[in-house]
Amino acid sequence: MSKRLNKKLRKNNKVVEKDLFASNADIEFENSAFEKTTYFDSFDVITGVITEGSYEYDKKGRVDSYSLRITLGDSSIFHGFEMKNSKSFKKHASHLSYILNYDTTYSSLLSDAVASGDCQTLTHYLDQLNGIGKGVTSTASSINGGIMCFA
C-alpha cells in the first residue's frame with residue numbers, strides 16, 4: 001500500500017472519529033486492502049451503544065460508500081449510503097452525526113419505523129442529506145435486521 005493511500009485512509013478515519021462519532025468513544029479500525037474496505041467499531045461504556053460500520057474506497061482512497069449499524073440491547077438500526085463524489089464523505093458524515101444526535105424529525109421517524117417495522121419514510125428522509133449519490137440504492141436502512149428499505 002502506498003504512502004499516499006495510507007495518508008488518505010488515515011484522513012478518512014479522522015472523519016469517522018471527529019465528524020461521524022461526535023463523542024469520546026474509542027474507535028477501532030481494521031483495513032482490508034484486498035476488499036478496499038475499512039471496518040470500524042466502537043462501544044460507548046456510558047450508554048452501552050455498539051456501533052459497527054465500514055467504508056469502501058477507490059484506488060486513491062476516496063470514499064465511495066459507507067454504512068453503519070447502531071445496536072442498543074436487542075435493537076439495531078442499519079444505514080448505508082453511496083457518496084455523490086469524492087468530497088462528499090466529510091460533509092455527509094458531519095450532517096448525519098447531527099441528524100442522529102439532535103434532529104427531532106429523525107427521532108420521530110425512527111420511532112415510527114421501529115413501531116411499524118417499515119423504514120421507507122426514514123430512508124427517504126436520510127436520502128435528502130448532503131453528499132448522497134443519485135439512484136435507487138443510494139440510501140438504505142433496516143430496522144432490527146428486517147427488510148432493507150431503499151430510497
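Taking the criterion of being modelled with pLDDT under 95, within 29 Å of Lys8 (Cα to Cα), in contact with a strand residue (DSSP E or B) (Cβ under 9 Å, 6 or more places away or on another chain) and assigned to a strand (DSSP E or B), would at least one residue in segment 121-134 satisfy it? There is at least one residue in segment 121-134 that is modelled with pLDDT under 95, within 29 Å of Lys8 (Cα to Cα), in contact with a strand residue (DSSP E or B) (Cβ under 9 Å, 6 or more places away or on another chain) and assigned to a strand (DSSP E or B). Whether a residue is at pLDDT 90 or above, surrounded by 15 or more Cβ atoms within 10 Å (Cβ to Cβ) and closer than 24 Å to Tyr57 by Cα was assessed, and Leu110 does not pass this test. Within segment 6-22, not a single residue is among the charged types (D, E, K, R), more than 23 Å from Ser142 (Cβ to Cβ), assigned to a strand (DSSP E or B) and under 16 Å from the mean Cα position of the chain (by Cα). Going residue by residue through segment 55-63, is there one that turns out to be touching a residue at least 12 places away in the same chain (Cβ under 8 Å), assigned to a loop (DSSP other than H, G, I, E, B) and among the acidic types (Asp, Glu)? There is at least one residue in segment 55-63 that is touching a residue at least 12 places away in the same chain (Cβ under 8 Å), assigned to a loop (DSSP other than H, G, I, E, B) and among the acidic types (Asp, Glu).
From the list Phe81, Phe89, the one residue that fits, being outside any helix (DSSP H, G or I), touching a residue at least 12 places away in the same chain (Cβ under 8 Å) and of a type outside the set (A, V, I, L, M), is Phe81. For segment 30-51, the set of residues classified as of a type in the set (Phe, Trp, Tyr), at pLDDT 95 or above and exposed (fewer than 15 other Cβ atoms within 10 Å of the Cβ) consists of Tyr39 only. When Ser142, Ser108, Ser138, Ser88 are checked against the criterion of being more than 27 Å from Lys8 (Cα to Cα), among the small types (Gly, Ala, Ser) and within 15 Å of the chain's Cα centre (by Cα), a single residue qualifies: Ser142. Search segment 33-54 for residues being part of a loop (DSSP other than H, G, I, E, B) and among the hydrophobic types (A, V, I, L, M, F, W, C), and hand back the single one that is nearest to the chain's Cα centre (by Cα). Checked segment 33-54; the qualifying residue nearest to the chain's Cα centre (by Cα) is Val49. Filter segment 127-147 down to the residues that are hydrophobic (A, V, I, L, M, F, W, C), within 12 Å of Phe78 (Cα to Cα) and without any contact (Cβ under 8 Å) to a residue 60 or more places away in the chain and list them by number. Answer for segment 127-147, where residues must be hydrophobic (A, V, I, L, M, F, W, C), within 12 Å of Phe78 (Cα to Cα) and without any contact (Cβ under 8 Å) to a residue 60 or more places away in the chain: just Ile147. For the residues Thr104, Thr137, Thr123, the requirement of being touching a Cys at 6+ places or on another chain (Cβ under 6 Å) and of a type in the set (Val, Ile, Thr) singles out Thr123.
A residue that is surrounded by fewer than 19 Cβ atoms within 10 Å (Cβ to Cβ) and in contact with a helix residue (DSSP H, G or I) (Cβ under 7 Å, 6 or more places away or on another chain) cannot be found anywhere in segment 76-87.
The values are calculated or read from the model by the stated rules, or taken from the named source; none is laboratory data. What you see is a predicted model, and the numbers here were worked out from it, not measured in a lab. Ideal geometry is used to build each Cβ from the backbone, glycine not excepted, and the neighbour counts take in all protein chains shown.
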